[in-house]
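K.L.:
Okay, handing you the structure first.
The values are calculated or read from the model by the stated rules, or taken from the named source; none is laboratory data. Worth saying up front: this structure is predicted, and the values here are computed from it rather than measured. Note that we place each Cβ from the backbone using ideal geometry, even for glycine, and neighbour counts take in every protein chain shown.
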Amino acid sequence: MIQKWLSHWPVFGSAWILATVIGAAPVALPYVAGPPLTDAISFSFYGYVVWAAAIASWMALCQYVVLRAHFGHHSITAPIWIPATVIALVVAVLAIGIWQATVIPALVRSNALQALMQLGFPGVEVIIGLYAIPIALSLGLSQGVVLSNLYLRNLVRPWLFANLAAALIVAIVQGIQNLEMDNLLDGRYILDEARLATANVVFLGGSLLSVVLYGAVTGLTLFVLARPQNGVDTSPATQSGSPVSA
């Protein structure tokens, strides 16, 4: 019955977006819990990697629940979605860490970063938001291989493009959010209650919108890929077959 309901886009889309939002919800936990959790994540790269792996595990589990309900209990490949997502996100976080430790200092030394700061919106704000690109590349490739094995056809390319498109949209939203936060802060380190409340709304609202849009783009792509093509049923493989590689 649930599988039949999820065959309709409004139901599947809502379920996928809800799973993505619930999966991403713990990201806000450090801002609510405060120290020492924020210190463990902010001042320890190892702690940040562990935190990213925990978030990825939870989000992948939430998405897997939707995948399992949509594809049915017979799929033996769908559970691989969880470790594939965790490994991909950890690899992306490590790549971002190396970028921040090598490229960013080089940009600072060459005064290139100062030049970028003069671009205004959507220049530096979107550039800052492009941290999502390596995450999209890693998730697109890793999860794309899993989907390819589910459908026994190569779906790496469309899933990779969907993740990159979602990352670009998230970068734009994050750029707007960063611009609004800069306007609210206006060089201040201490905000009055009104500005602080507005800043919280902008931060949480922008973050929620980013997650919803990411879930909508990837969910729509997954729904389209799951539809029969040319009258041929593309339901996931029920038995192990020849894996489809990227």
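K.L.:
Could you list, ordered by first residue, the pairs with Cβ atoms under 7 Å in which the first is in the range 157-180 and touching a residue at least 24 places away in the same chain (Cβ under 8 Å) and within 15 Å of residue 220 (Cα to Cα) and the second is surrounded by 22 or more Cβ atoms within 10 Å (Cβ to Cβ) and polar (S, T, N, Q), at least 6 apart or interchain?
P.N.:
Note: pairs meeting the criteria are 159/143; 162/218; 163/218; 166/218.
This table checks each residue for (1) within 16 Å of the chain's Cα centre (by Cα); (2) modelled with pLDDT of 80 or more; (3) among the aromatic types (Phe, Trp, Tyr).
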residue: 153; (1), (2), (3): no, yes, no
residue: 157; (1), (2), (3): no, yes, no
residue: 163; (1), (2), (3): yes, yes, no
residue: 182; (1), (2), (3): no, no, no
residue: 195; (1), (2), (3): no, no, no
residue: 207; (1), (2), (3): yes, yes, no
residue: 227; (1), (2), (3): no, no, no
residue: 233; (1), (2), (3): no, no, no
residue: 237; (1), (2), (3): no, no, no
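K.L.:
Could you tell me which numbered condition residue 87 fails, if it satisfies all but one of (1) modelled with pLDDT under 85; (2) part of a helix (DSSP H, G or I); (3) surrounded by fewer than 17 Cβ atoms within 10 Å (Cβ to Cβ)?
P.N.:
It is condition (1) that residue 87 fails.
K.L.:
Hey, another quick one. So which residues in the range 92-120 are at pLDDT 75 or above, under 24 Å from residue 176 (Cα atoms) and β-branched (Val, Ile, Thr), if there are any at all?
P.N.:
Within the range 92-120, 93, 96 meet the criteria.
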